[in-house]
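What follows is a set of notes on a single structure, which appears directly below.
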Amino acid sequence: MDVKTIKEIIEVVENSEFVEFDYKDDDVHLILKKKEAFVGDNIVAQSAPMPTDIQIVAQNAAAQEQASAKPESADEPVDASLIEIKSPMVATFYRAPSPTSPPYVEVGDEVKKGDVLCILEAMKIMNELEADFPCRIEKILVENAQKVEYDQPLFLVKKLG
Amino acid sequence: MDVKTIKEIIEVVENSEFVEFDYKDDDVHLILKKKEAFVGDNIVAQSAPMPTDIQIVAQNAAAQEQASAKPESADEPVDASLIEIKSPMVATFYRAPSPTSPPYVEVGDEVKKGDVLCILEAMKIMNELEADFPCRIEKILVENAQKVEYDQPLFLVKKLG
Amino acid sequence: MFRKILIANRSEIALRVIRAAKELGISTVAIYSTEDKNSMHVELADEAICVGPALAAESYLNLSNVAQAIANSGCDAVHPGYGFLSENPTFVNICKDLGVTFIGPDDKTMSNLADKAKVKSILNKFDIPTVPGSDGSIEDIDTLKKTAADIGYPVLLKASWGGGGKGMRIVRNEEDLVREFNAAKMEAKVSFGKDDIYLEKFIEHPRHIEVQVLGDLYGNVVHIGERDCTLQRRHQKLLEESPSGVLSEEKRRKLHETAVLATKALGYQNAGTLEFLFDGENFYFIEINTRIQVEHPVSEMAYGVDLIKEQIAIASKEQLSLKQEDIKLKFHTMECRINAEDPDRFYPSPGMINKLFIPGGPGVRVDSAVYCGMNVSPSYDSLIAKLIVKGSDREEARLRMLRCLNEFVIEGVKTSIPFFQRILTTKDFVSNTYDTNFIDKKFLNKS
Amino acid sequence: MFRKILIANRSEIALRVIRAAKELGISTVAIYSTEDKNSMHVELADEAICVGPALAAESYLNLSNVAQAIANSGCDAVHPGYGFLSENPTFVNICKDLGVTFIGPDDKTMSNLADKAKVKSILNKFDIPTVPGSDGSIEDIDTLKKTAADIGYPVLLKASWGGGGKGMRIVRNEEDLVREFNAAKMEAKVSFGKDDIYLEKFIEHPRHIEVQVLGDLYGNVVHIGERDCTLQRRHQKLLEESPSGVLSEEKRRKLHETAVLATKALGYQNAGTLEFLFDGENFYFIEINTRIQVEHPVSEMAYGVDLIKEQIAIASKEQLSLKQEDIKLKFHTMECRINAEDPDRFYPSPGMINKLFIPGGPGVRVDSAVYCGMNVSPSYDSLIAKLIVKGSDREEARLRMLRCLNEFVIEGVKTSIPFFQRILTTKDFVSNTYDTNFIDKKFLNKS
């Protein structure tokens, strides 16, 4: 669940007459309570500092990835351990070095660090995008020859090893 | 969840009416609580809505009062059992029927229902404001001959009997 | 000039007056209901006095509380805005008794001009055409026939005590006249209990065109051009423009001259509006509005004048500083009234505004008291913003208005924005060939 | 006319171009950094392409990403706004290579006009005065004396390699000249490692006055009057007005003629600005800006023209539709640049805007991309709104500006609003007797 969604929910609940909101699915559990919810309830103090068990993966600029619990493009719930590999430039995305060559990767492929994932053509220069860590390709998020913007998710991968 | 996201959520929740926020997914569990969330059974909070043991006396237009736990003009914490008697009209406030007469009421006086509390002069008509319930005058909130607006608190009283 | 003006109104028109007063160095007093405590007019005025609860009858229309607020504030003038007490001669009289200046006409003028029959008889003396009709109800068939023949067909039969279209009949020739008269009488009797019928000229495709005038206390009168307010829904104006796109230069000059003549004939002072119907050939005077109007910004923007400042100057006994020859049309302007209402069903849509982006950039004026986080109260009218644009011609103004409607973000309440987006792209609007019945009869039925 | 314009910029100027394009029926493409994802220019454009991270060097200034965005978008024209890539001839060249029209001058003109010495030598041929000075650094005392005598005292000695006032000396007569020259040399040596000194006429109380021009591809040039931008802090413009209040009609006409002549002499096309210093008697050309400027709205509002639409029309090879005789001054206008900054120390003040009320009503224009809930990023310049007002004269504009500053509510960041409120009520500003040093030397020291 992204911040925007959380904000939206907060807004809706706030403007409603509900004093307690509790949402749970496979990925997320969100509780909101207004003070009226505490009448006749004795709740013990527990302040929550930032959880320590979160890792953010941030590698070099040439093959930037970001951990994200939910890719923007995907509607269905997604395994939070998946990582998006995003485009580091505005470009055209090619899955293969030439129209007659086979694609660099297919869904299900396991790749090593340094393996080429795709070509990003920008200003007539063919840039090879390399994997920055070993991973398995779970999903290819853009079509061959599609125009992509900076930061656009290209692959959904599962980190290996 | 990165610090920026957490900050954003904190901000949204802080500015909302929610006193408790609880979010959990596979990676993260974030709880936010305001101090109101820790108040137990016996709430007599400053910002509490209208206490239930007070009846709003809404009689004729000439002597309208409203219960309110927190007068606007008072900065110090105030006993929630006190009630403001507000002006039912735009007027000039007089404590006595004439400059030479003694005031209708003084702080500490206990008055019966129907006792005159003050004169409200509007458009050259002298309107007597009567107590709508037995009470003790705790504070007189405006000066003699002061101009008052509609809904302006005039007296702070303690309901009796 | 005045020291302190109390504004006996709320929302955007209260802000409008506060703005003018501030620019003139005059301090301002707002009045407000408990419901309007967090309103911008309270925030922006130098002082504010609460005059009652939400219900307008007990606050903004509460003569006693408003009068006492005037007295308590120590103001020396009162601006009534539009609506509320702005056309109430009793209120004008109260101001006089309190020794403060009412910014508008005096009470007698106001009363006189509210009497349409009286106004009509004065104007007819000056050969200013009003909608021709019978003198009151028609008693017999001979009078009926004679009157209809004098006025000329088509004519309209109307129930004297009615309204809402009941008992109303359009008659196009004498053969049908008596039959329709009897039918109208019966319908009136059933609907209103009385069968009195009067007769009036039926204007086929009327445009509603009005002229803004200013008159000072010394008999000087100027006009600030005309506004075309033909786009209406159930006689409520929705969109206004200046100048009117349907007038030849000759007709326009004639209209302006007529309005100035009428203003002088009626002895009117301060800002006023003379409303006319135009059938493509002739103008027919309908009524004079003795106050500033909602749509005054289209004239301000078209001509580069400040009508509220002029109102204040006139009321403070100054001579008109504007000369007719200096009042020049500079732009084509257009106003949309953005209401908090369902754009299809026109129900009010009160609520909390939780997202807001107001259009800006070149050629745009917004008169509004709206802000993000504001509650649009169901207690008052649903106008939340007036969006006014100008262009070098009507088409540029229209395209700029569409650009602004597209840019306007208001979330939390429904608004009339989508309605205007549809209207402004209809063929009839683009070609400017609609009449006052367009929305009710053609547009809403079509959509 | 173009089909689709990509706007290579952000914030209010991106909105400004989107507005013009929409009114012309041209579709729009925004570019944005990840930081600007929730910006209004992204929201209001028809399409948007992310071109990099927050850092401008990696996004808005990233030639490769912006160029590829142009290619990917399928646009046929690019508007650069001001700042960023707007004065980069390489970018103009890239647009040409991509087969899209850069809305501005061609790359060669842009390069040539950035070379001040070259511009000066062209203009001098046409007897257009520039600030007189030595031809480069002065080698010997004889040249020094002769040059100073030719130019006339007072003169200014400046370090050729310096800046920030170091090695700068004002000399009022020949007796002091050699001593000050040697002192300046020593100071320059110490400060910059090189002791080269050049000499230039010292203009005592300069006003910064600039002329807006438009030139089409067919040699037609018109001016849209002048802007007075004398109110500056460290050479940053803060407030601009049109017309300038310090010019006689004769001087104004002369200035306009000079600007048109210079534009033609320089072969300039599209919208440009010629900047001059005015010493109360003479004008001295400083430089030509080959782009639209931040302060262009004061000219638009004063003359009722739309400069961005003109830019687009010129770039699409249309002939200028405006004739000089039709471009008439309609109002006195004034602009304040509302920055998110500490009004006393001028530090940027980024943050989240959590309360907002933007001024409106008559005679007000606001160019801004700000909304309630927006984050003012520390990554970009601190301009959050341009507040432009008009009046029938300078005083009405000044009072209206004060009214608007008073009305403007922005919470969550500090703004320059209180600074302007103080400036606009100073005697020097009211009497219009300040010069370009006013804020730095007089106002800030006094306060």
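The values are calculated or read from the model by the stated rules, or taken from the named source; none is laboratory data. In this text the structure is predicted, and so the values were computed from the model without any measurement. In this analysis, Cβ positions are derived from the backbone assuming ideal geometry, glycine residues included, and neighbour counts consider all displayed protein chains.
The rows are residues; the columns are (1) within 19 Å of the chain's Cα centre (by Cα); (2) modelled with pLDDT under 95.
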{"position": "A:22", "(1), (2)": "no, yes"}
{"position": "A:32", "(1), (2)": "no, yes"}
{"position": "A:39", "(1), (2)": "no, yes"}
{"position": "A:61", "(1), (2)": "yes, yes"}
{"position": "A:92", "(1), (2)": "no, no"}
Could you please tell me which pairs satisfy a Cβ distance under 7 Å, a separation of 6+ or placement on different chains, a first residue in region D:97-124 that is more than 15 Å from residue D:86 (Cβ to Cβ), and a second residue that is at pLDDT below 95 and surrounded by fewer than 15 Cβ atoms within 10 Å (Cβ to Cβ)? D:112/D:118
Among the residues of region C:2-27, write down those that are within 14 Å of chain D (Cβ to nearest Cβ) and among the polar types (S, T, N, Q). C:11, C:27
Go through region C:28-41 and give me each residue that's crowded, with 24+ Cβ neighbours inside 10 Å, more than 13 Å from chain D (Cβ to nearest Cβ) and among the polar types (S, T, N, Q). C:33
Looking only at region B:90-134, which residues are within 14 Å of chain C (Cβ to nearest Cβ) and either among the charged types (D, E, K, R) or touching a residue at least 60 places away in the same chain (Cβ under 8 Å) (or both)? B:90, B:93, B:121, B:124, B:127
Would you confirm whether or not region C:348-360 contains a residue that is more than 9 Å from every other protein chain (Cβ to nearest Cβ) and under 22 Å from residue C:299 (Cα atoms)? no
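How many residues does region D:395-422 hold that are touching a Gly at 6+ places or on another chain (Cβ under 7 Å) and either without any contact (Cβ under 8 Å) to a residue 24 or more places away in the chain or over 25 Å from residue D:243 (Cβ atoms) (or both)?
So the first thing to find is which residues in region D:395-422 are touching a Gly at 6+ places or on another chain (Cβ under 7 Å), and the list is D:397, D:400, D:412-413.
From what is left, the residues that are either without any contact (Cβ under 8 Å) to a residue 24 or more places away in the chain or over 25 Å from residue D:243 (Cβ atoms) (or both) are D:412-413.
Looking only at that region, the number is 2.
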Criterion: outside any helix (DSSP H, G or I), within 26 Å of the chain's Cα centre (by Cα) and surrounded by 17 or more Cβ atoms within 10 Å (Cβ to Cβ) - qualifying residue of C:210, C:204: C:210
Given the criterion outside the structural domain of residue C:400 (by TED's automatic domain parsing), surrounded by 23 or more Cβ atoms within 10 Å (Cβ to Cβ) and among the small types (Gly, Ala, Ser), identify the matching residue among C:188, C:271. C:188
State which residue is surrounded by the fewest Cβ atoms within 10 Å (Cβ to Cβ) when the search covers only region D:233-262 and only residues that are part of a strand (DSSP E or B) and not basic (Lys, Arg). D:236
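Just to be sure, is residue C:410 crowded, with 21+ Cβ neighbours inside 10 Å, out of contact with any Leu (no Cβ under 8 Å at 6 or more places or on another chain) and at pLDDT 95 or above?
Working: crowded, with 21+ Cβ neighbours inside 10 Å: yes; out of contact with any Leu (no Cβ under 8 Å at 6 or more places or on another chain): no; at pLDDT 95 or above: yes.
Judged against the criteria, residue C:410 is not a match.
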Qualifying positions in region A:135-151 - within 14 Å of chain D (Cβ to nearest Cβ), out of contact with any Gly (no Cβ under 6 Å at 6 or more places or on another chain), crowded, with 21+ Cβ neighbours inside 10 Å and not charged (D, E, K, R): A:148
Kindly indicate the residue of region D:371-383 that is touching a residue at least 60 places away in the same chain (Cβ under 8 Å) and of a type in the set (A, V, I, L, M) and also nearest to the other protein chains (Cβ to nearest Cβ) among those meeting that condition. D:374
Would you please list the contacts, defined by Cβ atoms under 8 Å and residues six or more apart or on different chains, that run from a residue in region C:44-59 that is more than 7 Å from every other protein chain (Cβ to nearest Cβ) and outside any strand (DSSP E or B) to a residue that is small (Gly, Ala, Ser) and surrounded by fewer than 22 Cβ atoms within 10 Å (Cβ to Cβ)? C:46/C:27; C:54/C:377; C:54/C:379; C:55/C:379; C:56/C:379
Could you say whether any residue in region D:112-134 is part of a loop (DSSP other than H, G, I, E, B), of a type in the set (D, E, K, R) and more than 30 Å from residue D:160 (Cβ to Cβ)? no
Selection within region B:3-31 - farther than 25 Å from residue A:18 by Cβ and either more than 7 Å from chain A (Cβ to nearest Cβ) or surrounded by 13 or more Cβ atoms within 10 Å (Cβ to Cβ) (or both): B:3, B:4, B:7, B:27
Failed item, numbered, when residue C:122 is tested on (1) surrounded by fewer than 23 Cβ atoms within 10 Å (Cβ to Cβ); (2) modelled with pLDDT of 95 or more; (3) not basic (Lys, Arg): (2)
Matching residues in region C:289-299 - criterion: being buried (at least 24 other Cβ atoms within 10 Å of the Cβ) and in contact with a Leu (Cβ under 8 Å, 6 or more places away or on another chain): C:290, C:292, C:296, C:299
Just the residues that are away from chain D (no Cβ under 11 Å) and under 10 Å from the mean Cα position of the chain (by Cα), please, taken from region C:291-312. C:291, C:292, C:293, C:294, C:295
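Would you mind stating whether residue C:429 is away from chain D (no Cβ under 13 Å), closer than 16 Å to residue C:206 by Cα, modelled with pLDDT of 95 or more and out of contact with any Cys (no Cβ under 6 Å at 6 or more places or on another chain)? Show your work before the answer.
Numbers: away from chain D (no Cβ under 13 Å): yes; closer than 16 Å to residue C:206 by Cα: yes; modelled with pLDDT of 95 or more: yes; out of contact with any Cys (no Cβ under 6 Å at 6 or more places or on another chain): yes.
It is true that residue C:429 is away from chain D (no Cβ under 13 Å), closer than 16 Å to residue C:206 by Cα, modelled with pLDDT of 95 or more and out of contact with any Cys (no Cβ under 6 Å at 6 or more places or on another chain).
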